[in-house]
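Everything on this sheet refers to the single structure shown next.
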Amino acid sequence: MSVLITGGAGFIGSHLVDHLLAGTDRQIVVLDDFSTGSASNLEHLETDQLTTIDGDVRDDALVADCVAEAKVVYHLAAAVGVRNVVENPLDSIQTNLQGTENVLSAAAHDATPTFIASSSEVYGKSECVPFSEEDDRVYGPTTAPRWGYATAKAADEFLALAYNDEHDLPVVVGRYFNIVGPRQTGQYGMVIPTFVEQALAGDDLTVYGDGTQTRSFTHVADAVSITHDLVENDDARGEVFNIGAPGPTSINELASRVIELTDSDSEITHIPFAEAYDEDFEEPDEREPDISKLRDVLGRRPRVDLDRILRDVIDERADGVIG
Ligand code: NAD
C-alpha cells in the first residue's frame, strides 16, 4: 500500500513527498496534471519509492483507481494563485469542487485516512483577526471571481466533514496560511518569489495597493511536517486546523526586507489593485491565524522565522535553481 499525494508535483506537495520519503521505505504515488506543478520539483528524487501519474483529479475513474491502492491520501491538487483563479474562474471552481468530491468519495470506499488542503481564503474578508477555526466567514459578491476560490474551498471542507460524519471517513482539513519557501513560483501572483526575483534582477518591487495590508508567512518545511503530524494524530480526525505562523508582516515591510537581504538597488512602486487585477478586485487587509487549536492537539507550532524563509528563497533563486 502506498501514500497518495494529489498535487504532489506542486510546491507544497513536492516538499511533502520529500518529508514522507526521508529515511523511510514508504511508497509514494503522485497524481498531478502538471498545470501549475512541475516535474522539476521531483527530479532530485531518484528513487523507485516514487511513482508519478500524469492525470486530472476531475477524472473520477482515475482517482478511484489511485485511492484504491492507497493507505492514506493527501489531497493537495487544486487550481491556486489569485491571478490564476481570477483569470480562469470556471476551471478553478471545477477543479477545486469535483477533484475533492472524487477523492472523498473514493476514500470513503475503504475509509482511507484523508487530508484535505484548504486555505486561509475561507475566512474571506473577515476582520476578526487572528482567525480561529470557528469564526464566521465573510465573502464578497459572486460577481467578483476571487471569492469563487474561497467558496469552493469552503465547500470542500463541508464535504470532508460530511464524509467524516456520514461515512466514517477519517479526514483532517488544514487551512494553509501563505506557505512559502523554495520551489514556489511567482508566476501566479505569489508575493515572495515575485519580490525576490524582482530584487535580484534589479527591477522595481511592485506592491499592490498601499502595501499596509499584512500577511503571516509560514515556511513550507513547517507546513508539511505539521500536515503529516495531523494525519497521524487520532485527535485531529474530523477536525479543521489553521496551519500557519502567527506574526503579521506588512507587504511594504516585506518588500523592504527583501531589498535589504538581497543587497539590491531596487525601488518599491505601488500599483492599485484595480490595475493589477480588475475593478471588482477585493483584498483583505489582514490575515493571521490563531493556532491555539493546533498547539493543543500537536503540542507544537511553526518554527521558522521570516528572515530564514527569505534567505532560503533568495539562495535558491540566486543559485538559479528555480523549481
Ligand atoms: P501548486 O500550484 O504548486 O500545487 C497544486 C498542484 O496541483 C500542482 O502541482 C498542479 O499541477 C496540481 N493540479 C492542479 N489542478 C490539477 C488537476 N485538475 N488535476 C491534478 N493535479 C492538478 O500550489 P501549492 O501552493 O503547492 O498548493 C497546494 C495546496 O495547498 C492547494 O490545495 C492550495 O489550494 C493549498 N493552499 C496553498 C497555500 C499556499 O500558501 N501555498 C495557501 C492556501 C492553500
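Below is a table of values for the structure above.
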item: Fraction of beta bridges assigned by DSSP in region 172-323 that are antiparallel (%, nearest 5); result: 15
item: Highest-first arrangement of 91-104, 74-87, where packing means the average Cβ count within 10 Å; result: 74-87, 91-104
item: Counted charge near L310, where neighbours are those whose Cβ lies closer than 10 Å (Asp, Glu -1; Lys, Arg +1); result: -2
item: Rounded, prolate or oblate (a/c below 1.5 giving rounded, otherwise prolate when a/b exceeds b/c) for region 250-318 by Cα gyration tensor; result: oblate
item: Cα-based shape type of the chain, given that a ≥ b ≥ c are square roots of the gyration tensor eigenvalues and the cut on a/c is 1.5; result: prolate
item: Cα gyration tensor shape for region 84-140, rounded if a/c is under 1.5, else prolate or oblate; result: oblate
item: Dipole in debye (nearest 20) - the chain, about Cα centre, beta carbon charges: Lys, Arg +1; Asp, Glu -1; result: 500
item: When the convex hull of its Cα atoms is projected in every direction, mean area for region 125-188 (nm²); result: 6.5
item: Estimated dipole of region 37-84 in Debye, rounded to 20 [Cβ of Lys and Arg +1, of Asp and Glu -1, Cα centre]; result: 320
item: Assigned charges on the beta-carbon of Lys, Arg, Asp, Glu; region 166-239 dipole about Cα centre (debye); result: 280
item: Zone of E282's modelled label, taken as backbone nitrogen in region 108-137 under 15 Å from a point 7 Å along Cα→Cβ; result: 121-128, 136-137
item: Ranked packing of 53-63, 238-248, 258-268, most packed first, by mean Cβ within 10 Å; result: 238-248, 53-63, 258-268
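Where a number appears in this text, it was derived from the coordinates with a stated rule and is not lab data. The shown structure was predicted, so the numbers you read here are calculated from the model rather than taken from an experiment. Because the Cβ atoms are built from the backbone with ideal geometry, glycine has one as well, and the counts that use them run over all protein chains shown.
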